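Participant: Just passing along the structure, written as structure tokens.
None of the figures in this text is laboratory data; all of them are computed from the coordinates on show. Not measured: the values here are computed from a predicted model. We place every Cβ from the backbone using ideal geometry, glycine too, and count neighbours over all the protein chains shown.
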Amino acid sequence: MRRARPFFRILVCAAVLVALLDPALALARDRIGDILARPETFDRREVVLIGKASALDPRTSRRGNDYFTFRLADETGASLKVFSWGKPAMAPGDRVEVQGRFQKERRGGRYTFTNEVEAVRIRKLP
């Protein structure tokens, strides 16, 4: 029984090391296709997605706040819209990791948005 303990310690140390080197690896990643297939399951849930950005659309609100939207597509071609406040620090074609909250339906003023992620963090990947 004592032999299992050193192995367990090594396993825990390796997991901590991986998390320190790349915190994104410590988070579970979701799949865009899974979200689109069952949006009610993911509604209002925190998600972590990786994909290629396209259709980048920076704008300024009536109140003068910068925001942008873009499409995030995974390797299968499944895509959804991402919304974020601020100015984009990426370009179309960049591979990015998005952390945010998925909403099956969201109302903003007189508009209704469906299947959208409001990003809290966007990280450009190599």
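Participant: Would you kindly state how much longer the chain becomes between Ala37 and Arg59 on full extension, computed as 0.36 nm times their sequence separation minus their alpha carbon distance, in nm to one decimal? Walk me through the numbers on the way to the answer.
Facilitator: Details: separation 22, 0.36 × 22 = 7.92 nm, distance 2.97 nm.
Length difference between fully extended and current span is 4.9 nm.
Participant: Further question on the same structure: When the chain is fully extended, how far beyond the present Cα-Cα distance does Arg29 get from Thr76, taking 0.36 nm per residue of separation?
Facilitator: Details: separation 47, 0.36 × 47 = 16.92 nm, distance 1.51 nm.
Net length gain for the segment: 15.4 nm.
Participant: Under a point spin-label approximation (7 Å from Cα along Cα-to-Cβ), what is the Tyr111-Glu46 distance to one decimal in nm?
Facilitator: Each label point is offset 7 Å from its Cα along the Cβ direction, giving 2.7 nm.
Participant: Turning to a different aspect of this structure: Step by step: find N for segment 31-124, compute 2.2 N^0.38 Å, then divide the Cα radius of gyration by it. What's the final number?
Facilitator: Details: Rg = 12.6 Å, N = 94, 2.2 N^0.38 = 12.4 Å.
Here the answer is 1.02, to two decimals.
Participant: What distance in nm separates the simple spin-label points at Met90 and Tyr67, each placed 7 Å from Cα in the Cβ direction?
Facilitator: 1.8 nm
Participant: Highest mean first, how do 90-103, 63-76 rank when packing is the count of other Cβ atoms within 10 Å averaged over residues?
Facilitator: 90-103, 63-76
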